[in-house]
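A short write-up of the structure that comes next.
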Ligand code: PAF
């Protein structure tokens, strides 16, 4: 594995471009990232992982400061996995001047997490554009845990006509169903058990919805349940899978998404489901 820190080093290293897979990350690698890498191995001759804690996607200085950073551990994980290139640039290398994004994000970027984290998705798409333009990957891999991010990147690829195949990869979970996330490392060990109630509540809400067919009521009772369990809820919403808009009565393939704070740690999760098992994709 070679470790590159500058865009010039990347251009030299990729002169003999083969089929490239890119997995953008912010480090603190866990089994969710490893699953992205294992999937990538089926599609590419060269696998590139980027580790860059992208400052412009954080809307709180504290959140950026506390984000878990474990570079030497990450490097040894990537070496063991046989990755070809680790790209680990500095902030200055990525943003020598104030970054400008020449792309109008769809209104989805201001909903759900976008409504609670102003500028977050502009920051994500800005760094993604830089990485796509630098590496020109054939395949990219993103986890479904960040469902809204995945949707926005999918739309960005379409709108900008990148010749990139996007692979959405299933969320990896702890035994108790807590979705793996670097932010879990900010929880106290005993809180990891309680934090699994986010997933469980989303799952129960799907069951309730199938009985009542009332989306608003299902969302409200999920929020109530989570609040009673000690969560500070940003949102629980049921949307359609295709574009994350509010479902109409004809939409059967839905996703329930939740974002909530547990002891000041903001966690997100989602579950795809179908309202009518006979009519689902
Ligand atoms: O999902 C993440 O870790 C980040 O948002 C990403 C896609 C690496 C962009 O910084």
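Looking at 24, 89, 99, which is the one that is within 14 Å of the ligand (Cβ to nearest atom), closer than 19 Å to residue 153 by Cβ, buried (at least 19 other Cβ atoms within 10 Å of the Cβ) and in contact (Cβ under 8 Å) with a residue 12 or more places away in the chain?
Answer to the selection: 24.
Per-residue answers, yes or no, for (1) touching a helix residue (DSSP H, G or I) at 6+ places or on another chain (Cβ under 7 Å); (2) more than 30 Å from residue 236 (Cα to Cα); (3) modelled with pLDDT of 95 or more:
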| site | (1), (2), (3) |
| --- | --- |
| 74 | no, yes, yes |
| 80 | no, yes, yes |
| 85 | yes, yes, yes |
| 92 | no, yes, yes |
| 102 | no, yes, no |
| 105 | yes, no, yes |
| 111 | no, no, yes |
| 115 | no, no, yes |
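Given the conditions (1) within 28 Å of residue 172 (Cα to Cα); (2) touching a helix residue (DSSP H, G or I) at 6+ places or on another chain (Cβ under 7 Å); (3) within 16 Å of the ligand (Cβ to nearest atom), which single one is not true for residue 2?
All conditions pass for residue 2, except number (3).
Does segment 137-177 hold any residues that are in contact with a helix residue (DSSP H, G or I) (Cβ under 9 Å, 6 or more places away or on another chain), under 17 Å from residue 34 (Cβ atoms), assigned to a loop (DSSP other than H, G, I, E, B) and without any contact (Cβ under 8 Å) to a residue 40 or more places away in the chain, and which are they?
Once the filter is applied, which keeps residues that are in contact with a helix residue (DSSP H, G or I) (Cβ under 9 Å, 6 or more places away or on another chain), under 17 Å from residue 34 (Cβ atoms), assigned to a loop (DSSP other than H, G, I, E, B) and without any contact (Cβ under 8 Å) to a residue 40 or more places away in the chain, segment 137-177 yields only 174.
Does any residue in segment 114-136 that is more than 17 Å from residue 53 (Cβ to Cβ) come within less than 7 Å, Cβ to Cβ, of a residue that is part of a helix (DSSP H, G or I) and within 14 Å of the ligand (Cβ to nearest atom) six or more places away or on a different chain, and which pairs are these?
114/120; 114/121
How about segment 217-231: which of its residues are under 17 Å from residue 196 (Cα atoms) and either out of contact with any strand residue (DSSP E or B) (no Cβ under 8 Å at 6 or more places or on another chain) or surrounded by 14 or more Cβ atoms within 10 Å (Cβ to Cβ) (or both)?
First, pick out the residues of segment 217-231 that are under 17 Å from residue 196 (Cα atoms): 222-231.
Of everything in segment 217-231, those that are under 17 Å from residue 196 (Cα atoms) and either out of contact with any strand residue (DSSP E or B) (no Cβ under 8 Å at 6 or more places or on another chain) or surrounded by 14 or more Cβ atoms within 10 Å (Cβ to Cβ) (or both) turn out to be 222, 223, 224, 225, 226, 228, 229, 230, 231.
With the condition kept exactly as written, say whether any residue in segment 56-77 is away from the ligand (no atom under 16 Å from the Cβ), in contact (Cβ under 8 Å) with a residue 60 or more places away in the chain and closer than 20 Å to residue 132 by Cα. Outline the logic, then answer.
Here is the first cut: in segment 56-77, the ones away from the ligand (no atom under 16 Å from the Cβ) are 61-62, 65, 72-73, 75-76.
Checking which are in contact (Cβ under 8 Å) with a residue 60 or more places away in the chain leaves us with 75.
Among the residues that remain, those that are also closer than 20 Å to residue 132 by Cα are: none.
Looking for residues that are away from the ligand (no atom under 16 Å from the Cβ), in contact (Cβ under 8 Å) with a residue 60 or more places away in the chain and closer than 20 Å to residue 132 by Cα, one finds none in segment 56-77, hence no.
Would a scan of segment 31-48 turn up a residue that is closer than 29 Å to residue 98 by Cα and either more than 10 Å from the ligand (Cβ to nearest atom) or in contact with a helix residue (DSSP H, G or I) (Cβ under 7 Å, 6 or more places away or on another chain) (or both)?
The answer is yes; a qualifying residue exists.
Quick one: residue 210 ticks every box in (1) surrounded by fewer than 13 Cβ atoms within 10 Å (Cβ to Cβ); (2) at pLDDT below 95; (3) more than 24 Å from the chain's Cα centre (by Cα) except a single one, so which number is it?
(1)
Across segment 49-62, which residue is surrounded by the fewest Cβ atoms within 10 Å (Cβ to Cβ) among those that are farther than 18 Å from residue 99 by Cβ and in contact with a strand residue (DSSP E or B) (Cβ under 8 Å, 6 or more places away or on another chain)?
Restricting to residues being farther than 18 Å from residue 99 by Cβ and in contact with a strand residue (DSSP E or B) (Cβ under 8 Å, 6 or more places away or on another chain), the top hit is 51.
Within segment 20-55, can you find the residues that are in a strand (DSSP E or B) and either modelled with pLDDT under 95 or more than 13 Å from the chain's Cα centre (by Cα) (or both)? Show your work before the answer.
Within segment 20-55, the first condition is being in a strand (DSSP E or B), and the residues that meet it are 20-25, 46-51.
Those that are in a strand (DSSP E or B) and either modelled with pLDDT under 95 or more than 13 Å from the chain's Cα centre (by Cα) (or both): 20, 21, 22, 46, 47, 48, 49, 50, 51.
Consider residue 124 carefully, then state whether it is outside any helix (DSSP H, G or I), modelled with pLDDT of 95 or more, within 26 Å of residue 40 (Cβ to Cβ) and within 16 Å of the chain's Cα centre (by Cα).
Details: outside any helix (DSSP H, G or I): no; modelled with pLDDT of 95 or more: yes; within 26 Å of residue 40 (Cβ to Cβ): yes; within 16 Å of the chain's Cα centre (by Cα): yes.
The answer is no for residue 124.
The values are calculated or read from the model by the stated rules, or taken from the named source; none is laboratory data. Since this is a predicted model, take the numbers as computed values, not measurements. Glycine gets a Cβ as well: all are built from the backbone with ideal geometry, and neighbour counts include every protein chain shown.
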